[in-house]
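Okay, so here's the structure we're looking at.
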Amino acid sequence: MTCGCAGTVPVVSRAEALSRLNRLPRAQRHAALQAALAWLVARHDGLSLYAGINGRPYAEGEAAAIARDVPVVAELPCPFATVTGECLVGGVPPSRSRRGPYGWLPTWVATLWARDDYRELVRRGAVADAKVALLSRNEGLTEGVAAM
């Protein structure tokens, strides 16, 4: 399947991510999960906040720092696109769903398939907070609670 992410990490709703992942053959699930976890812990240039925010309101200054980091995440390469242009998760068109919550697809993969591992990585500050922030449909930061 050709990747439909345009080369950068896609924003999708939780429902879209779940639907996409449930259609994956079992053999592809492990590779997709490993790619998602590797993307989450990669220290990408330009990301500044690693405070381990998960399921709590933002403290003063955190929302602004995450909002500055979100555009950096939006330009990161999609971890599911292979060198041949194939997609580990079956291609991901831009989000059409009007129902959130929205987030980066690799983060949804980790939360849906490896929730305990994901939570531990976030708690330890191994994941940039902009990668776990809930987003609006157009990649804007959602007010309030800051994690999936």
16 Å reach of a label modelled at Val72, 7 Å along Cα-to-Cβ, counting backbone N of segment 38-58: 39-53
Which value in nm describes the separation of the simple spin-label points at Asp45 and Arg115, placed 7 Å from the Cα toward the beta carbon? 3.8 nm
dims of segment 9-70, Cα set, principal axes, largest to smallest, nearest Å -> 43, 24, 18
What are the principal axis extents of the Cα atoms in segment 11-132, in Å, biggest first? 43, 29, 27
Ranked packing of 127-135, 35-43, 106-114, 22-30, most packed first, by mean Cβ within 10 Å: 127-135, 106-114, 35-43, 22-30
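Readers should treat all values here as calculations from the given coordinates under stated rules, not as data from a laboratory. These figures come from a predicted structure and were not determined experimentally. Cβ sites come from the backbone with ideal geometry, for glycine too, and all protein chains shown count toward neighbours.
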